[in-house]
1. For the chain, what is the charge dipole size about the Cα centre, in debye to the nearest 20, if Lys and Arg each add +1 at the Cβ and Asp and Glu each add -1 at the Cβ?
2. For a quick protection proxy, order the peptides 41-52, 323-334 by their average other-Cβ count within 10 Å, most packed first.
3. Could you work out the percent of alpha carbon pairs in region 1-92 separated by over 23 Å, rounded to a whole number?
4. Need the C-alpha centroid separation for region 144-217 versus region 236-284, integer Å.
5. Obtain the nm distance between the two label points defined at residue 233 and residue 205 by a simple spin-label model: each point lies 7 Å from its Cα along the Cα-to-C-beta direction.
6. Explain nothing, just the number: relative contact order of the chain, from Cα pairs under 8 Å at least 6 residues apart, as a whole percent.
7. Quick check on the exposure proxy: order 277, 176 from fewest to most C-beta atoms within 10 angstrom.
8. Can you compute the radius of gyration and Dmax for region 228-339, using only the Cα atoms, both in Å?
Amino acid sequence: MLKFAIIGCGRISHKHIEALVNNSEEAELVAVCDIIPEKMDKDVEEYYESLEEMNFKKEVKKYTDYKEMLDKEDIDVVAICTESGYHSKHAIDCLNVGKHVLVEKPMALSSADADEMIRLAKEKNLKLGVCHQNRFNPPIQKLRRAIEEGRFGKIINGTARILWNRNDDYYKQASWRGTKELDGGTLMNQCIHNIDLLQWMMGSEVERVHAERDTFLRDIEMEDFGAILIRFKNGSIGIVEGSACVYPKNLEETLSIFGEKGTVVIGGLAVNEIKTWQFADERDYDKEDESTKVDSVYGSGHTPLYKDFIDAIKNDREPLINGEEGKKALDIILKAYEF
């Protein structure tokens, strides 16, 4: 049974609690940390209630100082769910004391910090995972299978569209949102998941990036709209359209891949529904609709992501989304921020 701790009990921590509950045969939550006690209370209560039917008895300890938590508790894995600008510091501190780390996106806000996280994990023989949970969506897994089987032939282009609404009230809920130091703009916060999926499917390193971005409507330091054009070394082109300005609510998050012999479009609230699936050849699995229902933009991928990470620790292998994989989307966005 792997012992987990969570640093940061804000908006995304609920998905980590859910994932731990769904993997409760192999993992348990032993501690949480947040500077606001009420947030810890909420997460721990949710964890207790979810495991009540299993006659769960173990106490989850609460800390307002994560270094004290690391010093006092027997922990195998730390899940980092704090503000983006603190991810690298918290990850590095946890790695330095011998803990495996599963960090929310983005893994860092600079390439140098991400590289240091990767270096430390390798040096200390620890697992470093990044929460790009949408890779585990059944429609995305089905698309990846088609990519690996070469069904598209020559891939021409892919598009990632993130057309969402984040109004001023959203940014006022937390002063760090939209800031350069702790968050980044729409591309870094809202778009990084789909950018990760796009680059994963294109199957090539990035050759060059061009971008346009601006702050049109929201009272924030960084962009509320951004567009990126990516040329991959295999010749294919990626297009990213990311907005927090869509009126009056979220419209879509869509990933499209276009090739010589295939076209696939996956959309829905969290790239969870197959909209188009067309290939020149036919396979038995084409008839299977892998679309799933989700209740939020976070989707349902944290549970299989946790399962993969737990398995990686137990079998001493790399997780599907290790540090190197988690850094790829980050580097695209950082290149876009040079414009």
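1. Magnitude of the dipole: close to 720 debye.
2. Most protected by this proxy first, the peptides run 323-334, 41-52.
3. The share of Cα pairs beyond 23 Å in region 1-92 comes to 15 percent.
4. 13
5. 0.3
6. 19
7. With the sparsest Cβ surroundings first, the list reads 176, 277.
8. 17.0, 47
All of the numbers you see were taken from the coordinates with simple rules; none came from a lab. Remember, it's a predicted structure, so these values are computed and weren't measured experimentally. Reconstructed Cβ throughout: ideal geometry from the backbone, glycine too, with neighbour counts over all protein chains shown.
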